[in-house]
1. Report the residue, chosen from ARG55, ARG23, ARG103, that carries the largest GNM mean-square fluctuation when the chain is represented by alpha-carbon nodes joined by springs under 10 Å.
2. Kindly provide the helix-only [θ] at 222 nm of the chain, computed as the sum of -39,500 (n - 2.57) over DSSP H runs of four or more divided by all residues, to the nearest 500 deg cm²/dmol?
3. Which order, highest average first, do 72-85, 27-40 follow once you tally other Cβ atoms within 10 Å for each residue and take the mean per peptide?
4. If you average 1/r over all unlike Cα pairs in segment 7-114 and invert the result, what Kirkwood radius do you get in angstrom?
5. Pop out the ³J(HN,Hα) list for segment 74-81 in order, Karplus 6.51 cos²θ - 1.76 cosθ + 1.60 with θ = phi - 60°, rounded to Hz; leave Gly and Pro as x.
6. Relative contact order (percent) for the chain, with alpha-carbon contacts under 8 angstrom and 6 or more residues of separation?
7. Taking the alpha carbon gyration tensor of segment 58-116, what are the square roots of 5 times its eigenvalues, largest first, to the nearest whole Å?
Amino acid sequence: MPHSKVRFVGFELYFDDLERARRFYTMKLGLRTIEQDPTHHVKLAGGDAFLCLERKGVENYPSAEKAVVFVEVPDLQATVAKFDSSEILGRGLKAEQPWAAIRDPEGHTVLLLQQR
């Protein structure tokens, strides 16, 4: 079976107390903050991938389990074309890094990112 060109690039978790979550992951686990918006999210470096801590309620496509998997794909439009419109939660095709949010069979959110 050939190896996929898809790679995991990040994960997101939702929190009521974003600052408390940031302190836990930075002070106790030693992750480095690489992006921060106190009203929305904190993005932490984690090797080749990132962990995004997001304030509950700010997302417009909430995941059933309050977790999001980020996956970088070589051709976002071709990948999105494989899904029914009911599985597509949102798109940001004009974003700096184009994206599409889809729902997996159990209701988890997968955020597809156009490979840079």
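What follows is calculated from the coordinates using simple rules that are stated; it is not laboratory data. All of these numbers come straight from a predicted model, not from anything done at the bench. A quick note on method: Cβ atoms are made from the backbone with ideal geometry, for glycine too, and the neighbour counts reach across all protein chains shown.
1. ARG23
2. On the way: 2 runs with 11 residues, N = 116.
-2000 deg cm²/dmol, from helical runs alone.
3. Details: 72-85: 12.8, 27-40: 11.2.
Output ranking for 72-85, 27-40: 72-85, 27-40.
4. Details: mean 1/r = 0.0692 Å⁻¹.
Here the Kirkwood hydrodynamic radius works out to 14.4 Å.
5. x, 9, 4, 4, 5, 5, 4, 4
6. Details: 218 pairs, mean separation 30.0, N = 116.
Relative CO of the chain lands at 26 percent.
7. On the way: eigenvalues 62, 33, 20 Å².
Semi-axes from the Cα gyration tensor: 18, 13, 10 Å.
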